[in-house]
1. Among A:ILE51, B:ILE46, what is the fewest-to-most ranking by other Cβ atoms within 10 Å?
2. Residue separation times 0.36 nm, minus the C-alpha to C-alpha distance between A:SER110 and A:LYS58: what's the value?
3. Could you tell me how far the Cα centroid of region A:74-113 sits from the Cα centroid of region B:1-69, in Å?
4. Whole-Å semi-axes of region B:24-75's equivalent ellipsoid, largest first, each the root of 5 times a Cα gyration tensor eigenvalue?
5. Relative to the compact-globule scaling 2.2 N^0.38 Å, provide the ratio for the alpha-carbon radius of gyration of region A:25-83.
6. What are the radius of gyration and Dmax of chain A, computed over its Cα atoms and given in Å?
7. Which trypsin sites (Lys or Arg not before Pro) does region B:1-89 hold that lie in a coil by DSSP with at most 10 other beta carbons within 10 Å?
8. Say a paramagnetic label sat at a point 7 Å from the Cα of B:THR15, along Cα to Cβ; which residues of region B:32-47 have their backbone N under 15 Å from it?
Amino acid sequence: AQSVAQPEDQVNVAEGNPLTVKCTYSVSGNPYLFWYVQYPNRGLQFLLKYITGDNLVKGSYGFEAEFNKSQTSFHLKKPSALVSDSALYFCAVRDNQGGKLIFGQGTELSVKP
Amino acid sequence: NAGVTQTPKFQVLKTGQSMTLQCAQDMNHNSMYWYRQDPGMGLRLIYYSASEGTTDKGEVPNGYNVSRLNKREFSLRLESAAPSQTSVYFCASSSRTAEAFFGQGTRLTVV
């Protein structure tokens, strides 16, 4: 069965600094990987995905993620954090048979001025 | 274009009562999902439907049943609600390989 781990419950970053939110996964075969963001009392919004191709994926709001097959990781990054990036971030994986979409436990990102 | 619509948005149940959460999508997606979100636990998959007429258990299916009524609709039923089912429930839909789209959630409290 597939699984996702987000090893950090919370990440604190100063505004203007780079940020990284970590994600590792386990799945049979090649993975489909996703990042979502959730603002307070809202649903989930899609940020970016890796299906195939270039290991560096660019998404919404200046976010990007790097797929590393050997380390089974898909870390979310942004070169310069904004206070408005403060939210809950979820990594998710689906196996390449198009099956279940499994989420990690989430990482709370706090960006301080 | 409504996307994924969940009803109701809020519900309070007494222990032992039953209810059905409704979900409908208008994006012609084959796959639909029900999740629950609890603090510190992330989103946990309750049930999944790969296509009309098929359903499969997720990570936490106990205490729930689902019906994939047609391609658009995927309902979640609590037959005898328990306080442990107090949570925020999200419905989502997707095509086979693409990202999932989420509803706005149902906040359920069981007292």
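Please treat every number below as a calculation from the coordinates, not as lab data. Remember, it's a predicted structure, so these values are computed and weren't measured experimentally. Ideal geometry is used to build each Cβ from the backbone, glycine not excepted, and the neighbour counts take in all protein chains shown.
1. A:ILE51, B:ILE46
2. Gain in length upon complete extension: 16.6 nm.
3. After rounding, the separation between the Cα centres reads 22 Å.
4. Values: eigenvalues 85, 29, 13 Å².
Value: 21, 12, 8 Å, ordered largest first.
5. Cα Rg divided by the expected 2.2 N^0.38 Å: 1.20.
6. 13.4, 44
7. Of the trypsin sites (Lys or Arg not before Pro), the ones in loops of region B:1-89 whose Cβ has at most 10 other Cβ atoms within 10 Å are B:LYS9, B:LYS14.
8. none
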